[in-house]
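Data first, discussion second: the structure below is written as structure tokens.
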Amino acid sequence: MPEYSYGIWRNWEFSFQLPVATEQDRLRTNGYRGEMQYVAPHDEDLGLYWGFNVEMANLAGNGEQRVWNIELVPIVGLRVARWHFVGNPSVSRLLSGSGRKINFEPAAKVAYRAFGKNYFGVEYYLEAGPIQRWLPNNQRSQVLYLAWDGKLGKSDINVGLGRGFTDASDRWVLKTVFEFSF
């Protein structure tokens, strides 16, 4: 998914994303997303930090109807010595189509700085379903990743190997995120 991000004010960033997928051996776009993120000023090496991310999307999965969606992602992080803890108790809601309930989709990360700017840790992603009544456990997507975060020059890199724990989860996932600074 290509993403273009631009710092519009101190601690504020706007992003535009173009998700793509393959369908019947064809590469096609799944829609687009706009995202606004704020992270409050904080010490980059130690202590508590917070922020939020608001995302508006017009997306369609393979063979699905295109829908509008909004997502709010609170950001809470803590750096203590070599440890980095992050929680994102995210909620989302469809703005078009059926199923317009507020869904709970939290994520969390624990990472250890081994050397330099290299962090090794675990990331957990859950799609629990509607806040009022979570999906049964076997219908929730739950994926745990072993992950590495590092730097190559000015660029940030995140690589993770994930394992799904339910039938609703992808069994194995390899994710990579490259951030090119210019």
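For GLY150, the shell of other residues with beta-carbons less than 15 Å away shows a net charge of +3, using +1 for Lys and Arg and -1 for Asp and Glu. Inter-label distance, PHE14 to PHE180: 2.2 nm, where each label sits 7 Å from its Cα along the C-beta direction. Based on every Cα atom in the stretch 52-95, Rg and the maximum pairwise Cα distance Dmax equal 15.1, 47 Å. Net charge dipole, the stretch 34-82: roughly 80 debye, given to the nearest 20, about the Cα centre with Cβ charges of +1 for Lys and Arg and -1 for Asp and Glu. Checking every one of the trypsin sites (Lys or Arg not before Pro) in the stretch 10-70 against DSSP loop status and a limit of 15 other Cβ atoms within 10 Å picks out ARG10, ARG66. Once the mean 1/r over all distinct Cα pairs of the stretch 36-120 is inverted, what Kirkwood radius in angstroms do you read off? Result for the stretch 36-120 stands at 14.9 Å. Scanning residues 5 or more positions from THR166 or on other chains, those with amide H under 5 Å from its amide H are GLN142, with H placed 1.01 Å from N in the peptide plane. Compared with the alpha-carbon gap, the fully stretched path from LEU152 to ARG93 is longer by 17.6 nm at 0.36 nm per residue. Is the shape of the stretch 32-182 rounded, prolate or oblate, going by the alpha carbon gyration tensor and its root eigenvalues a ≥ b ≥ c, with a/c under 1.5 for rounded and a/b larger than b/c for prolate? Here the stretch 32-182 falls in the prolate category.
I want to check a number: in the chain, how many lysine pairs have alpha carbons closer than 22 Å, given a sequence separation of 8 or more or different chains?
Working: LYS109/LYS117; LYS109/LYS151; LYS109/LYS175; LYS117/LYS151; LYS117/LYS154; LYS117/LYS175; LYS151/LYS175; LYS154/LYS175.
Within the chain, the lysine pair count is 8.
Every number here is computed from the coordinates shown, using simple stated rules; none is lab data. Because the structure is a prediction, the values reported are computed rather than measured. Glycine also receives a Cβ, built like all others from the backbone with ideal geometry; neighbour counts cover every protein chain displayed.
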